[in-house]
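The structure appears right after this line, and notes come after that.
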Ligand SMILES: Cc1cc2nc3c(=O)[nH]c(=O)nc-3n(C[C@H](O)[C@H](O)[C@H](O)COP(=O)(O)OP(=O)(O)OC[C@H]3O[C@@H](n4cnc5c(N)ncnc54)[C@H](O)[C@@H]3O)c2cc1C
């Protein structure tokens, strides 16, 4: 039976594990964190990704965890609404809040629970070496062991470890977008009433409050500036760096900074666009943010769709990785090209420099929301999110057939 090792147990990893298992593969997932990672804000499942979730029988579960957020409002320093983009534009019409909007940690947990039966999960470990030969890939783990797999998949995010080991150092494969994003648990002194609030301030900085079920609030900061070389494990130093960058800001920022110092639920990263050309090399393939990362709002959807197609093509090719990886690319190429897009206008529109640009941005958005140009705000997001035909690789009845066909072929 084909043995697949997946690095990363967030969104792409467990989705791939689920489908590979259903197709009869032997699956191991290795995750660096000691347990499925908490944290993050909301992620959206759009178009074809929603179909994959439905095929997994998870649509109702994911829906039950909808964040409950009804729209996005830009506010001024005194928390007065400048414009509001409400749920009348949401869901299938391609608005800002997807029909399936869910906290990243909730989705990760749901996918992990759905996939763990029959899948070997190894937490608190990582791959440190890959050696490919005619019979497979010898994998050495940080914990000391070594095992051989037929296929290895890097579903380990923007800073993919597998990508580094199999393809080369990160700087060759990512494009820095020039700003930081910070996500953390926070309190707020203003009522949110199920709305996400966003405050854009001069000096290329932006803060946001995001309500979640149970009254918990997620805070977000974005700020531009050169990349600082800081130790990823030194959280106190990272928080000092954020506090300095956001110093002197108004609205709820002082309150948010106060919460940030106390929380253990803290995430910081640069915004990157992944630019790697190859999706696979030999017996190693990349999936999710490791290869599609950096899109505005479609990262999770591409991870889920990519996992479905990669698993399906491996099954359809009876584990022949050469055929399967070629088809994986062929099926998804156009879909990924359409959806792997950074924020329109880049840093200059997302994080304007001065008050004039902020005013202009707000007036333009107001005008577009009021007129027949609304759809231009998101582009043809929903159309592009559905821009791939998902083959029915395995209706439940075909799973067993698929597995036995492979075994027959091996005899
Ligand atoms: C903590 C966190 C918070 C996030 N918050 C948001 C958010 O608020 N909004 C948003 O749109 N997107 C967020 N993302 C990104 C989002 O999850 C992805 O864009 C998307 O869902 C694709 O997921 P992925 O599984 O490809 O990558 P990721 O979700 O980035 O997951 C990669 C996984 O690989 C693991 N990993 C990393 N290195 C190794 C290694 N050496 N060995 C083994 N495992 C490793 C990581 O711990 C992680 O579990 C967040 C990601 C993380 C990890």
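Odds and ends about this structure:
- Close pairs (6 angstrom Cβ cut-off, 6 or more residues apart or separate chains): on the phi > 0 side of the Ramachandran plot in segment 148-162, more than 6 Å from the ligand (Cβ to nearest atom) anywhere: none
- The set of residues in segment 224-247 being without any contact (Cβ under 8 Å) to a residue 40 or more places away in the chain, part of a helix (DSSP H, G or I) and out of contact with any helix residue (DSSP H, G or I) (no Cβ under 8 Å at 6 or more places or on another chain) consists of 235, 236, 237, 238, 240, 241, 244.
- Of all residues in segment 123-132, exactly one satisfies the criterion of being within 11 Å of the ligand (Cβ to nearest atom) and free of Cβ contacts under 8 Å to residues at least 60 places away in the same chain, namely 128.
- Figure legend. Inter-residue proximity from segment 375-399: first residues surrounded by fewer than 15 Cβ atoms within 10 Å (Cβ to Cβ), second residues modelled with pLDDT of 85 or more, beta-carbon distance below 7 Å, spacing 6+ or different chains. Indicated pairs: 391/312.
- Looking across segment 188-201, the residues that are out of contact with any helix residue (DSSP H, G or I) (no Cβ under 9 Å at 6 or more places or on another chain) and surrounded by 17 or more Cβ atoms within 10 Å (Cβ to Cβ) come down to 195, 196, 197, 198.
- Selection status of residue 165, in contact with a strand residue (DSSP E or B) (Cβ under 7 Å, 6 or more places away or on another chain), without any contact (Cβ under 8 Å) to a residue 40 or more places away in the chain and within 16 Å of the ligand (Cβ to nearest atom): yes
- Test: residue in segment 276-295 that is more than 30 Å from residue 152 (Cα to Cα), surrounded by 15 or more Cβ atoms within 10 Å (Cβ to Cβ) and at pLDDT 95 or above: no
- Matching helices (runs of 4 or more DSSP H) fully within segment 248-324 where at least 2 residues are within 11 Å of the ligand (Cβ to nearest atom) and touching a residue at least 24 places away in the same chain (Cβ under 8 Å): 289-292, 299-316
- Counting only residues that are farther than 30 Å from residue 276 by Cβ and buried (at least 18 other Cβ atoms within 10 Å of the Cβ), segment 169-187 holds 2 of them.
- Residue match in segment 133-146 (condition: within 15 Å of the ligand (Cβ to nearest atom), within 21 Å of residue 300 (Cα to Cα) and modelled with pLDDT of 95 or more): no
- Close pairs (8 angstrom Cβ cut-off, 6 or more residues apart or separate chains): within 14 Å of residue 151 (Cα to Cα) in segment 10-36, assigned to a strand (DSSP E or B) and within 8 Å of the ligand (Cβ to nearest atom) anywhere: 13/7; 13/31; 29/7; 30/7; 30/127
- For segment 19-56, the candidate set comprises residues that are out of contact with any strand residue (DSSP E or B) (no Cβ under 9 Å at 6 or more places or on another chain) and closer than 20 Å to residue 291 by Cα; within that set, the residue that is modelled with the highest pLDDT is 19.
- Residue check, residue 192 within 13 Å of the ligand (Cβ to nearest atom) and part of a loop (DSSP other than H, G, I, E, B): no
- When we screen 312, 294, 288 for residues that are on the phi < 0 side of the Ramachandran plot and under 24 Å from the mean Cα position of the chain (by Cα), the only hit is 312.
- Filtered residues of segment 83-117 (kept if part of a helix (DSSP H, G or I), at pLDDT 85 or above and over 20 Å from residue 213 (Cβ atoms)): 114, 115
- Check on residue 75, at pLDDT 95 or above, in contact with a helix residue (DSSP H, G or I) (Cβ under 9 Å, 6 or more places away or on another chain) and buried (at least 22 other Cβ atoms within 10 Å of the Cβ): no
- Residue list for segment 1-49, restricted to those being crowded, with 22+ Cβ neighbours inside 10 Å, part of a loop (DSSP other than H, G, I, E, B) and within 11 Å of the ligand (Cβ to nearest atom): 8, 9, 10, 11
- Residue 118 being on the phi > 0 side of the Ramachandran plot, surrounded by fewer than 20 Cβ atoms within 10 Å (Cβ to Cβ), in contact (Cβ under 8 Å) with a residue 40 or more places away in the chain and more than 9 Å from the ligand (Cβ to nearest atom): yes
The values are calculated or read from the model by the stated rules, or taken from the named source; none is laboratory data. Worth saying up front: this structure is predicted, and the values here are computed from it rather than measured. Quick reminder, even Gly has a Cβ in these numbers, built from the backbone with ideal geometry, and neighbours come from all protein chains shown.
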